[in-house]
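Asker: Got a structure here, written out as structure tokens. Questions coming.
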Amino acid sequence: RRPMENLVKAQGETAEAMKKATKGEAIAHWFKTDLRCTDNTSLALAAQKAKEMDVPLVCFYLVSPQDFKAHLRSPVRIDFILRTLQVLRDDLAKLDIPLYVETVEERAEIPGRVLELLDSWGCNHLCANLEYEVDELRRETKLLRLLAEKGKSFEAVHDTCVVPPGQLRSGTGNQYAVYTPWYRTWMAHIHSNLDLLELHDSPPKNPASARKKFQKLFNCEIPAAAKGKELSAEEKKRFHALWPCGEHEAKARLDKFCEERIGEYSEKRNVPSDNGTSSLSVHLASGTISARTCVRTARDRNKSKKLDGGLDGIKVWISEVAWRDFYRHVLVRWPHVCMNKPYKPDYADIEWSYDTEHFKAWCEGKTGFPIVDAAMRQLNHTGYMHNRTRMVVASFLAKDLLIDWRMGEKYFMEHLVDGDFASNNGGWGFSASVGVDPQPYFRIFNPLRQSERFDADGEYIRHWVPELKDLDNKQIHDPYGRGAGDKAKKAGYPKPIVEHISTATAFMKANNDLRLGD
Ligand code: FAD
């Protein structure tokens, strides 16, 4: 049985026991990747229960270094999370709600520690939003049974997707493996269940007595960094300026994007030098904004109040936010994608390269392919990369360097500020043609054509590869092939480490052999 099915089974089996949970002295909400007060399903549910039972609301967050490690969380992402916790703590404190933060070294100890904390606060009711990775679903199942045994209730609810996984079925009753029909069904489902887009209220103020009762929790410290994942002083300065944190920042960013740029999204979203996308991925990944709020806010700018009506930019943007839901639905249905396996078992047999020199050149942005190098340097410097160039560098790693796409997937997670397992895995599966609804294996991005098409005047390359800044608009895409080799060499820019056509052909051959059973 899949982890999600196990959880649902456990929810069924413990339902009766949970109903018997007595009121207790407080209701608890466990924050995970939902670091916001507004439009948070579980937090709103916990606040509602607290109101009904006339007890205070208590919130907590557990820092798990082992989870950070297992999920390959990048230092910049961890720093973003820890900074956000401070904003969240201050916002909750204004409502007299404590946010208790504790580090739990061993992830296996989390269920037991949650029970201890609930006991120490006199809590018999816990609420949390679901995370869909395999380990998290297993942990929640274990916790559910543990709490039920102790006479406590645990409501683990859907929140991170606009449409919860498992609700959309194709004609044959299965989860869609292709995006376009899935997307049509996704939209139709929302149009006939408009409550899915409804805003969940922020919690009201706790009774004044909560301050006194939970004084210690109000005074808890939030760690400034996670051990082994610290940022240097220079990195802190850089990343804090690039990635202001917290839900107010997220909402302001969404509103500004919808006000000023969403209308031109469909034309500008593919140009990496243009500020044409929302840059909200960092907030969606840490849950400082909900996908629901993103879709609702964009939709409300359409007169028709339909997801597929009105301005092209709005329609296309909503369809991009939907990709995030799609990859989560895929993860829940085919959890093996979470275990280093390609979606299609056949693709496990491709003979990938593990050439360390080539991989190093790719990581460092020194491949001699300017668009690839610009993108990798953008990632290394900012923790972010534009979607178009994510596809270009991923295709280049798998189809030009023939390197195992999982090495690239891992490198991305270790460096992205928005690293998100489902979206990253989906993007790599698409680009390397091994995932669900992939790019056809015979479609191989030509880095030169991509560069000329999406960075026509070389602005993106000039910014990230300053060695090439004086080359003209033609030479900049391929200095050694277009008569600027001497200049490039003098500036220290490397020659291409492979020839696009011959390696791309090798990728085709590897795939054809697989198909022909060679
Ligand atoms: P916008 O264009 O403004 O889109 C709005 C939101 O929609 C994004 O913030 C994101 O949450 C969602 N979205 C858009 N495109 C996609 C997509 N193709 N797949 C899933 N969600 C999407 N996105 C991540 O959030 N985390 C990742 O780790 C990640 N890794 C990727 C790896 C590869 C190889 C590829 C090809 C794509 C990856 N993406 C990932 C998807 C996409 O590149 C980013 O979401 C996008 O670039 C973020 O910029 P933005 O917020 O300005 O996006």
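Asker: Looking at segment 268-282, which of its residues are more than 8 Å from the ligand (Cβ to nearest atom) and either under 26 Å from residue 133 (Cβ atoms) or without any contact (Cβ under 8 Å) to a residue 12 or more places away in the chain (or both)?
Answerer: Passing the criteria: 268, 274.
Asker: Considering each residue of segment 425-459, count those that are more than 15 Å from the ligand (Cβ to nearest atom) and part of a helix (DSSP H, G or I), and give that number.
Answerer: Qualifying residue count, segment 425-459: 6.
The rows are residues; the columns are (1) within 15 Å of residue 395 (Cβ to Cβ); (2) out of contact with any strand residue (DSSP E or B) (no Cβ under 8 Å at 6 or more places or on another chain).
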residue	(1), (2)
330	no, yes
333	no, yes
338	no, yes
345	no, yes
349	no, yes
355	no, no
361	no, yes
368	no, yes
372	yes, yes
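Asker: Just to be sure I understand, how many residues within segment 348-379 are over 25 Å from residue 268 (Cα atoms) and surrounded by fewer than 24 Cβ atoms within 10 Å (Cβ to Cβ)? Steps first, please.
Answerer: So in segment 348-379, the residues over 25 Å from residue 268 (Cα atoms) come out as 348-364, 366-368.
Okay, now just the ones that are also surrounded by fewer than 24 Cβ atoms within 10 Å (Cβ to Cβ), so 348-361, 363-364, 366, 368.
Of the residues in that region, 18 qualify.
Asker: Hey, another quick one. With 507, 442 as the choices, which residue is open to solvent by 10 Å² or more (accessible area, probe 1.4 Å) and aromatic (Phe, Trp, Tyr)?
Answerer: Working: 507 fails: open to solvent by 10 Å² or more (accessible area, probe 1.4 Å).
Answer to the check: 442.
Asker: Every residue in segment 286-310 that is more than 15 Å from the ligand (Cβ to nearest atom) and in contact (Cβ under 8 Å) with a residue 40 or more places away in the chain, please. Give the steps one after another, and end with the answer.
Answerer: At the first step, the residues of segment 286-310 found to be more than 15 Å from the ligand (Cβ to nearest atom) are 300, 302-306, 308-310.
Result: 306, 308.
Asker: How do the pairs read when you match residues in segment 117-136 that are within 11 Å of residue 3 (Cβ to Cβ) with residues anywhere that are assigned to a strand (DSSP E or B), using Cβ under 7 Å and keeping only pairs 6 or more apart or on different chains?
Answerer: 130/156; 130/157
Asker: For residue 353, indicate whether it is in contact with a Gly (Cβ under 7 Å, 6 or more places away or on another chain), polar (S, T, N, Q) and more than 16 Å from the ligand (Cβ to nearest atom).
Answerer: So residue 353 does not fit the description; no.
Asker: Working only within segment 233-267, note down all residues that are within 14 Å of the ligand (Cβ to nearest atom) and not in a helix (DSSP H, G or I).
Answerer: 243, 261
Asker: Among the residues that make up segment 332-345, is at least one of them within 14 Å of the ligand (Cβ to nearest atom), assigned to a helix (DSSP H, G or I) and modelled with pLDDT under 95?
Answerer: yes
Asker: Among the residues of segment 311-347, count how many are free of Cβ contacts under 8 Å to residues at least 40 places away in the same chain and either β-branched (Val, Ile, Thr) or open to solvent by less than 60 Å² (accessible area, probe 1.4 Å) (or both).
Answerer: 2
Asker: Being closer than 30 Å to residue 22 by Cα, assigned to a helix (DSSP H, G or I) and among the aliphatic types (A, V, I, L, M) narrows it down to one residue among 199, 217; which is it? Give the steps one after another, and end with the answer.
Answerer: Working: 199 fails: assigned to a helix (DSSP H, G or I).
Just a single option satisfies the conditions, and that option is 217.
Asker: Name every residue in segment 380-424 that is part of a helix (DSSP H, G or I), open to solvent by less than 10 Å² (accessible area, probe 1.4 Å) and not hydrophobic (A, V, I, L, M, F, W, C), in order of residue number.
Answerer: Passing the criteria: 389, 395, 399, 400, 408.
The values are calculated or read from the model by the stated rules, or taken from the named source; none is laboratory data. Keep in mind that what you see is a predicted model, and the values were worked out from it rather than measured. Note that we place each Cβ from the backbone using ideal geometry, even for glycine, and neighbour counts take in every protein chain shown. The protein model used for the area step is the full one, side chains on, heavy atoms only, and it has no ligands, DNA or RNA in it. Shrake-Rupley method; radii C 1.70, N 1.55, O 1.52, S 1.80 Å.
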